[in-house]
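Rule-based calculations on the coordinates, nothing more; no lab input. Everything numeric here is computed off the predicted structure, so don't read it as measured data.
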């Protein structure tokens with residue numbers, strides 16, 4: 001990584017501001033004063049600013065309670081993304097583990113660990129994601145049976161889900177897949193409509209009720225180990 005990009009990610013301002021620090025001879029790499037902002041650095045180099053060592057994190061793991069109105073994307077555009085919510089010097093390295101629709105809320109992992117993300121999303125792992133589904137019409141027992149058997153959609157039949165009726169119009173639905181609009185399409189097949197959709201757990205790891213919409217926190221070591229055991 002270029003030195004100016006490295007320091008910009010670490011919170012030392014724009015690349016132009018980093019260039020000023022270099023000009024003022026305030027930056028060293030491996031005890032040598034830097035003159036070239038294009039110098040390449042890696043984890044083996046020791047970078048200091050004003051004598052203080054600068055360290056970037058190798059792996060970053062956040063749990064976000066996704067609010068409505070933001071998209072699960074890393075691309076800049078007119079619509080706010082989940083990455084825009086995260087304030088971190090390495091935010092441009094981060095991405096969501098899977099996607100939630102713009103109007104869907106709840107549990108969303110944010111990381112820079114591509115290997116872990118790939119494994120957690122691998123359909124062969126059968127990792128269940130649970131959604132709280134608030135419906136337009138009451139759900140019947142026969143509907144629950146159909147959900148747990150598999151719903152024939154246009155291009156595929158869903159794997160058997162786990163469906164728990166919370167009230168007449170609220171169902172906790174757990175699926176191990178994540179196809180486009182899958183939950184909404186499953187209920188649409190049953191002649192119903194999802195009014196509100198919230199992911200409340202991932203692989204058995206629940207969203208903490210103390211985390212409000214739009215808030216995020218780091219995963220604990222125990223939570224990270226739990227996720228790794230799923231794969």
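Looking at the chain, send over the antiparallel percent of its DSSP beta bridges, to the nearest 5.
Beta bridges within the chain, antiparallel portion: roughly 95 percent.
For a quick size check, give me the Cα extents of the chain along its three principal axes, largest first, whole Å.
Cα spread of the chain along its principal axes, largest to smallest: 73, 36, 36 Å.
Taking the alpha-carbon centroid of each part, what is the distance from the range 145-159 to the range 177-192 in angstrom?
9
May I have the extent of the alpha carbons of the range 143-231 along their three principal axes, as whole Å values ordered from largest to smallest?
For the range 143-231, the Cα spread along each principal axis is 41, 28, 21 Å.
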